[in-house]
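*Asks:* Sending over a structure as structure tokens; questions will come in a sec.
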Amino acid sequence: MNEKYPFSQIEPRWQTYWNDNGLFKTDHTDTRNPYYCLMMFPYPSGALHVGHGRNYILGDAVARYKKMQGFNVLTPMGWDAFGLPAENAAIKTGTPPKESTLKNISVMKEQLASWGVSYDWDRELASCNPDYYKWTQWLFTQLYKRKLAYKAEAAVNWCPDCATVLANEQVVDGACERCESEVEEKFLAQWFFKITDYAQRLLDDLDTLDGWPDRVKTMQRNWIGRSEGTEINFALVPRDDQTDPIEHVPCFTTRVDTIYGCTYMVVAPEYPALKELVKGLEQEEAVNTYSRNASKRTNIERMAEGDEKSGVFTGRTVINPYNGEEVPLWVSDYVLMGYGTGAVMAVPAHDTRDWAFAKKYTLPIRVSIDNPDHPLDVTTMEEAYTANGTLIDSAEFTGSPNRDAIPKMAAYATEQGFGESTIQFRLRDWLISRQRYWGAPIPMIHCPACGTVPVPDKDLPVVLPENVDFKPTGESPLATCEAFMNVACPECGVDARRESDTMDTFVDSSWYFLRFLNATDDTQAIDKQACNDWFPISQYVGGIEHAILHLLYSRFFTKVIHDLDLIDFNEPFAQLFTQGMICKRNEEDGQLYKMSKGKGNVVNSDELIRDYGADTVRVYTMFIGPPEKDAEWNDQGIEGASRFLKRLWRRVWEKHDQLTAAANTPLDIDSMEPAGRDLYRTANETIQHVTDAMDGAFHFNSAIAQIMSLLNSIDSTGVDDNSNDQHKASYRFAIDTVIRMLSPFAPHICEELWRELGNDDSILRAEWPKVDEASLARDEIEIIIQVNGKLRDKLTVSASCSKEDLETQALALPAVQKHIDGKTIRKVIVVPGKLINIAAS
RNA sequence: GCCGGGGUGGCGAAAUGGCAGACGCGCCAGACUCAAAAUCUGGUACUGGUAACAGUGUGCGGGUUCGACUCCCGCCCCCGGCACCA
């Protein structure tokens, strides 16, 4: 053993050992104590940096910790290997996506190994391999057969830079989440998954996910956006020639209670019947011009206008079915076609947007809900009254509190046949077609005779052809590959054409976690029995950026796969941990940015491992702060972790003789001297604290702090040749405890020291230490003495000291006397074993 | 606007209603050294005081309590999500 900590020698040695001895291989047919620990699989971008590290190091620490606690831990890893970057790189460099992707995978695999992160590589999968995407395609056909996959022409988000459509979830503030280009609206025929069918279940089951962070559940709730309301049909006042395409204009409202205050109605500029409704009217040109202009303006422009509203009168009127009143129909872009029915009943007195619009165009305003505290007066009101109140001027509903009126008025609509209670969701169907090359081909065939036909199971996979010119043109690259496109119709045999779009890569990642139980099985997509045994995943670890996208889609897929009777569970992830990002300050502008290649603020992990070793990088990464919060990388901070490990190494080396001598000494508290006994107690207290910090909320930063603190106690206690056997044994126990508890974070050094201290088996098979309750007892305890809640003194007394005795001693203390002098003692609180508080005034 | 999470030393942070600032970084002083690095020892919230000690202190204002970073009420600010969503 060397005095100097030789991390560069021991780390590769143990990595090879763990790998060669299959310490992370899991027999999933052994279902005793299963613990499935999964880290979100990475996109093989080519190089990992310390910002990525948090995810894998955290997950690895959990896996090692659970293993030591006796769980049968499953930790597989794979590659989210389809996607745009490889394709874009190929366009630049000419290297085919497949080649660069496979190369990146092998580089990253080595990097993960160099961090000491261990996986069961027998289960490795890559979403770009035909033996994986065969089943992605098979699942697509299953969805199609259940009418959960459909092709429809719709207004879609188009990213001009990526030259493909995007899902709503991939549009952030009107821009592409990947390249930040402004998204355009296009009208195209595209494939969708009917996630909206699952909206209610996706919402309801969030309540069962106790192991998920609130913020993620909230984000999903917001995204699903359920609102309860009433749909009301306003009859269109017909024109003389009876040429209208519709008789009613239905609208959705959450505030049917305000309907007697409705003074006009508004439809969205994209309202389908609008053109017909205004045909031949003097308003026709104005309405059409308005609609055209509105659709040309981007979301960003619309948002920039804020409260300033615009619109035009259509020349038509509709009838409020509650009071038979005729109100004008307007068009305005403050009404969205994508939500509700695209038409809104306007109640300016009780809605801020309607108020602004009515004021601008001097439309009538009528109060129908009165403020119980200050009766409202239209002539003096300065803004819409949106709070609760009592209905006025509302026919038979007058006098009702407005919240009570809603169900009554909805029931009335149903009775009268002009409306009903409904529920609206903000969630839209998931658009999964992509006009790009590097993805799984959509396994569908367009036959001139039979229409759209799914590729039969026996013909799967539809293999992605390799010699394709995939420069983005807006057309799907596969469409140019005749060898790929031409196919006989599986039903009638005539010449047909394949679907040329590929699938969104989020489809690939929506079910990969199920595939680790049978990654090489070419007979079925999913092993039902194995999945039922191992799911839901005990611990899923990943970035918050997937709060909606991946995590919502995966929940949807799990429910669909459940409904296909391929698994028996409804939710994939029991516990979810979303780690914060690692950021680094930009030297030029002083701002904090997420560590990324684009921002040029990455800290290269290879260099750090070379200079400090993987264990140091791991310990610092976990010590940097609470793992769910963002953290700022500090180049000096890593020195602390480095010193700590060096000190541990040195201590074991220096005290090697005493530690070895104590190897077989049974611990006996009663024959320990005070110093040894104190150290033994401190070690046990530390076990308690560290175990608490590891469980639950993953307070790994605190766990490491406690372990550091124990090493400080070890150093201040010390041991030498003159120490007696029990002292040496206590010292050894404390060192053993440090090594065991630190091993999930710094596995290499701990494995090395563990063996050095005479253990034959891997520390991975060592037990997590347990608290010796007997050690926690003290003969003497320190009591905090407070006067009026302020610390005034401390008192060391025998543990058996009576309450009364303690009180007397405390009151006699000069520091206490000083502060109660001249005051009356009102109360004395004695918390046994802890403190005394004297209330005096 | 609605929802979620935060606000504690110079910095990262820690505290089942019970000693605020553990642990680490940085800094200061000392030891070792010809010197430096490494290492070790001590100190380090603020104000006053040589010190003992006293006062103040967990975003702001109230409240509950013997006792509040922690619980309750009302604000302010920061971060994240949703948003002309009817």
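Where a number appears in this text, it was derived from the coordinates with a stated rule and is not lab data. Just so it is clear, the structure is predicted and the values come from calculations on it, not from any experiment. Here the Cβ positions follow ideal geometry from the backbone for every residue, glycine too, while neighbour counts run over all protein chains shown.
*Asks:* If I model a spin label at residue A:110 and residue A:154 as a point 7 Å from the Cα along the Cα→Cβ vector, what separation in nanometres do I get?
*Replies:* Reported label-point gap for residue A:110 and residue A:154 is 4.5 nm.
*Asks:* Based on Cβ point charges of +1 for Lys and Arg and -1 for Asp and Glu, what charge dipole magnitude is obtained for chain A about its Cα centre, in debye rounded to the nearest 20?
*Replies:* 1080
*Asks:* Projecting each Cα onto the charge dipole of chain A (Lys/Arg +1, Asp/Glu -1 at the beta carbon, about the Cα centre), which of A:119, A:797, A:461 comes out farthest on the positive side?
*Replies:* A:797
*Asks:* Out of region A:207-278, which GluC sites (Glu not before Pro) are coil in DSSP terms and have no more than 12 other C-beta atoms within 10 Å?
*Replies:* A:247
*Asks:* Per-residue counts of other Cβ atoms within 10 Å, averaged by peptide: what ranking do you get for A:29-39, A:341-351, highest first?
*Replies:* Top to bottom by mean Cβ count within 10 Å: A:341-351, A:29-39.
*Asks:* So, one more: Name the long-range amide H neighbours of residue A:325: under 5 Å, sequence gap of 5 or more, or other chain; modelled H, no Pro or chain starts.
*Replies:* A:320
*Asks:* Then there is this: Taking the alpha-carbon centroid of each part, what is the distance from region A:370-418 to region A:632-680 in angstrom?
*Replies:* Between the Cα centres of region A:370-418 and region A:632-680 lies a distance of 73 Å.
*Asks:* With N set to the number of residues, divide the alpha-carbon radius of gyration of region A:68-225 by 2.2 N^0.38 Å and report two decimals. Please list the in-between numbers first.
*Replies:* On the way: Rg = 19.5 Å, N = 158, 2.2 N^0.38 = 15.1 Å.
Computed over Cα atoms of region A:68-225, the ratio equals 1.29.
*Asks:* Can you give me the relative contact order of chain A as a percent, contacts being Cα pairs under 8 Å and 6 or more apart?
*Replies:* Relative contact order comes out at 14 percent.
*Asks:* Can you give me the relative contact order of region A:479-630 as a percent, contacts being Cα pairs under 8 Å and 6 or more apart?
*Replies:* 17
*Asks:* Multiplying the sequence separation of residue A:95 and residue A:452 by 0.36 nm and subtracting their Cα-Cα distance, what value in nm do you get? Intermediate results must be reported in sequence, preceding the final value.
*Replies:* On the way: separation 357, 0.36 × 357 = 128.52 nm, distance 3.46 nm.
125.1 nm is the gain from fully extending residue A:95 to residue A:452.
*Asks:* Rank these for me by crowding, A:289, A:362, going from fewest to most other beta carbons within 10 Å. Please report the intermediate quantities before stating the final value.
*Replies:* Values: A:289 11, A:362 7.
Lowest to highest Cβ neighbour count: A:362, A:289.
*Asks:* Spelling out what I want: for every residue of region A:33-44, take phi, set θ = phi - 60°, compute 6.51 cos²θ - 1.76 cosθ + 1.60 (Karplus), and round to whole Hz; glycine and proline get x.
*Replies:* For region A:33-44, the Karplus-derived couplings read 6, x, 9, 9, 10, 10, 9, 3, 6, x, 7, x Hz, x marking Gly and Pro.
*Asks:* Compute the whole-percent fraction of alpha carbon pairs in chain A spaced more than 44 Å apart. All intermediate terms of the calculation are to be shown ahead of the outcome.
*Replies:* Values: 168582 of 353220 pairs.
Percentage above 44 Å: 48.
*Asks:* Using a/c under 1.5 as the rounded threshold, could you call region A:1-159 rounded, prolate or oblate? The axes a ≥ b ≥ c are square roots of the C-alpha gyration tensor eigenvalues, and prolate needs a/b larger than b/c, oblate otherwise.
*Replies:* oblate
*Asks:* For a label point 7 Å from the Cα of residue A:168 along Cα→C-beta, name the residues of region A:411-438 whose backbone N is under 16 Å from it.
*Replies:* The answer is A:423-433, whose backbone nitrogens lie closer than 16 Å to the label point.
*Asks:* Would you calculate the separation in nanometres between label points at residue A:669 and residue A:654, each defined as 7 Å from the Cα along the Cα-to-beta-carbon direction?
*Replies:* Once both label points are built, they end up 2.9 nm from each other.
*Asks:* Give the relative contact order (percent, whole number) for region A:550-653; include only Cα pairs under 8 Å separated by 6+ residues.
*Replies:* Working: 90 pairs, mean separation 23.5, N = 104.
Value for region A:550-653: 23 percent.
*Asks:* Order these peptides, A:598-611, A:698-711, by their mean beta-carbon neighbour count within 10 angstrom, highest first.
*Replies:* Highest mean packing first, the order is A:698-711, A:598-611.
*Asks:* Can you give the local net charge around residue A:763? Use residues other than it whose beta-carbon is closer than 13 angstrom to its beta-carbon, Lys and Arg +1, Asp and Glu -1.
*Replies:* Details: positive: A:64, A:67, A:740, A:755, A:765; negative: A:615, A:736, A:751, A:752, A:756, A:760, A:761, A:767.
Around residue A:763, the charge tally is -3.
*Asks:* Strictly over 25 Å apart at the Cα level, which of A:296/A:471; A:147/A:458; A:597/A:629; A:803/A:823 would you flag in this model?
*Replies:* Correct reply: A:296/A:471.
*Asks:* What does DSSP give for chain A in terms of the percent of beta bridges that are antiparallel, rounded to the nearest 5?
*Replies:* So the antiparallel bridges amount to about 75 percent of the total.
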